[in-house]
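The values are calculated or read from the model by the stated rules, or taken from the named source; none is laboratory data. Please read all numbers here as calculations on a predicted model, not as lab measurements. For neighbour counting, all protein chains shown are included, and Cβ atoms are generated from backbone atoms with ideal geometry for every residue, glycine included.
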Amino acid sequence: MDITYLPSEYLINCIRKLENINRLESNFFLRAVRIKNNSDNSIRLIKYKFEIKRNNNCVKTIIFDEEMIKEKSEDVKQTLERLVNPDFAKMFMGVDEFWKKEFYSSNILEPKHETGFRLEYFTHMDINPVDELVLTVIYIEEEKEKMEVCTIPLVQYKNKNQYIFPLKGAWIAINAFDNPYEHRRMHSQEFGFDLGQLDENMFFIPPKGNKNEFFCFYGKEVIAIADGEVVDVFNEIPDNPSAGELLPEEKMGEIINQYGYKPLFSGNFVVVEHSGNECSFYAHLISNSIKVKKGEKVKQGQILGLLGNSGNSSAPHLHFHLMQGSDILTARGLPCYFTNITEIEGKKIEIIDKTLSVVYAD
């Protein structure tokens, strides 16, 4: 049996400090697992066992029974039916193909057939962080119970550079990495978040139909989080006309035919490469507001463009994330620690780890 997983090599364990109870929350995301029968016999998968470990000692065990294995397999099968375009597969998986559709099966695997599961989110609260996830696949082959073990390291990633926030002033963060159902489902966006501001009625997104200029933060300056080089830029797609209203389908079709799907996802965007192959990504900018060109060197704090409402956007906002590499579809998402932000009560913080966090950057 062959077990492979995504992201490959290790998972990033982003530690959250839980105040008042003196505990740390280990928080990590297993994007996908493929289980392939490389024997000459038919096998039946009967159990998945996950062991979360610290210093080789198990601190939590999670079991998937045979029915859950079937359900998880069916979920992947349906996903394979939807992800027909390679760009969509890359956006969610980081690769254009992980499972072989023609060999995909459920929990009973003939030789060369495979199955799997996706999007498993793990947390563990303790005094110290955990450092390993062990997956044991238990199966029946020729009426004998057997098992295969896959050990996945958990790594606490540290940034290679000192970063400042991409906007100035007070902002509210939406869909941070504590929400496993939004950005975290996309490979490069695992630790991404959206930024906007509340209006006088305490709305982040007012009722549909409001024009972009209605938003007090529309057109705010977006800045480089560190020195680097612009390695990708797109500046051609018009803003969506208003909150909750995308461009006409005909226009979106023209964009796809001319530029592919990236602008449809991201709108107008900038990618800046920093030292150590860490790249920052700024999306949904105003059309023709981008002030830098591909190949240009930029300084920390330099204006890149203006916050807008282009691409897959329901209202003006900035989408931001850090990634390992410059390709917004295949680069691995990274946590980003900032040197200049405080939370709503003025306490200095480094990372946005809670959805609806209000932060201030000087």
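Brief remarks on what is shown
- So TYR139, is it touching a residue at least 40 places away in the same chain (Cβ under 8 Å), more than 27 Å from ILE341 (Cβ to Cβ) and crowded, with 20+ Cβ neighbours inside 10 Å: yes
- Only one entry of ARG118, ARG23 meets the criterion of being among the charged types (D, E, K, R) and surrounded by 17 or more Cβ atoms within 10 Å (Cβ to Cβ), and that entry is ARG118.
- Complete set of residues in segment 241-295 that are within 22 Å of HIS321 (Cβ to Cβ) and hydroxyl-bearing (Ser, Thr, Tyr): TYR259, TYR261, SER266, SER275, SER280, TYR282, SER287, SER289
Residues checked against (1) outside any strand (DSSP E or B); (2) over 17 Å from SER314 (Cβ atoms); (3) among the basic types (Lys, Arg); (4) not assigned by TED's automatic domain parsing to the domain that holds SER188:
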| site | (1), (2), (3), (4) |
| --- | --- |
| GLU236 | yes, yes, no, no |
| ILE255 | yes, yes, no, no |
| PHE265 | yes, no, no, no |
| VAL271 | no, yes, no, no |
| ALA283 | no, no, no, no |
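- Taking first residues from segment 296-316 that are free of Cβ contacts under 8 Å to residues at least 24 places away in the same chain and partners that are in a loop (DSSP other than H, G, I, E, B) and of a type in the set (A, V, I, L, M, F, W, C), no Cβ contact under 8 Å between residues at least 6 apart in sequence or on separate chains turns up.
- Unique residue being surrounded by fewer than 23 Cβ atoms within 10 Å (Cβ to Cβ), basic (Lys, Arg) and within 20 Å of the chain's Cα centre (by Cα) when the list is LYS354, LYS348, LYS293, LYS299: LYS354
- The set of residues in segment 32-52 that are touching a strand residue (DSSP E or B) at 6+ places or on another chain (Cβ under 7 Å) and surrounded by fewer than 20 Cβ atoms within 10 Å (Cβ to Cβ) comprises ARG34, LYS36, ASN38, SER39, ASN41, SER42, ARG44, ILE46, LYS47, LYS49, PHE50, GLU51.
- Which listed residue is in a loop (DSSP other than H, G, I, E, B), modelled with pLDDT under 95 and surrounded by 20 or more Cβ atoms within 10 Å (Cβ to Cβ), from PHE203, PHE177, PHE191, PHE165: PHE177
- Among the residues of segment 10-58, those that are at pLDDT 95 or above and assigned to a loop (DSSP other than H, G, I, E, B) comprise TYR10, ASN13, ASN37, ASN38, SER39, ASP40, ASN41, SER42, ASN55, ASN56.
- Meets criteria (touching a residue at least 60 places away in the same chain (Cβ under 8 Å), under 24 Å from LEU83 (Cβ atoms) and not hydrophobic (A, V, I, L, M, F, W, C)) for SER326: yes
- Of all the residues in segment 316-362, those that are at pLDDT below 90 and either outside any loop (DSSP other than H, G, I, E, B) or closer than 14 Å to ILE172 by Cα (or both) number 2.
- LEU318 being in contact with a Phe, Trp or Tyr (Cβ under 9 Å, 6 or more places away or on another chain) and either within 30 Å of LEU18 (Cβ to Cβ) or not assigned by TED's automatic domain parsing to the domain that holds LYS220 (or both): yes
- The conditions of being modelled with pLDDT of 95 or more, assigned to a loop (DSSP other than H, G, I, E, B), surrounded by fewer than 18 Cβ atoms within 10 Å (Cβ to Cβ) and more than 18 Å from the chain's Cα centre (by Cα) are not met by LYS146.
- Taken over segment 250-286, residues that are buried (at least 18 other Cβ atoms within 10 Å of the Cβ), polar (S, T, N, Q) and more than 18 Å from PRO86 (Cβ to Cβ) amount to 2.
- Within segment 1-20, considering residues that are farther than 14 Å from ASP126 by Cα and β-branched (Val, Ile, Thr), the one surrounded by the most Cβ atoms within 10 Å (Cβ to Cβ): ILE12
- Of the residues making up segment 114-121, none is part of a helix (DSSP H, G or I), within 30 Å of PRO263 (Cβ to Cβ), within 22 Å of the chain's Cα centre (by Cα) and of a type outside the set (Ser, Thr, Tyr).
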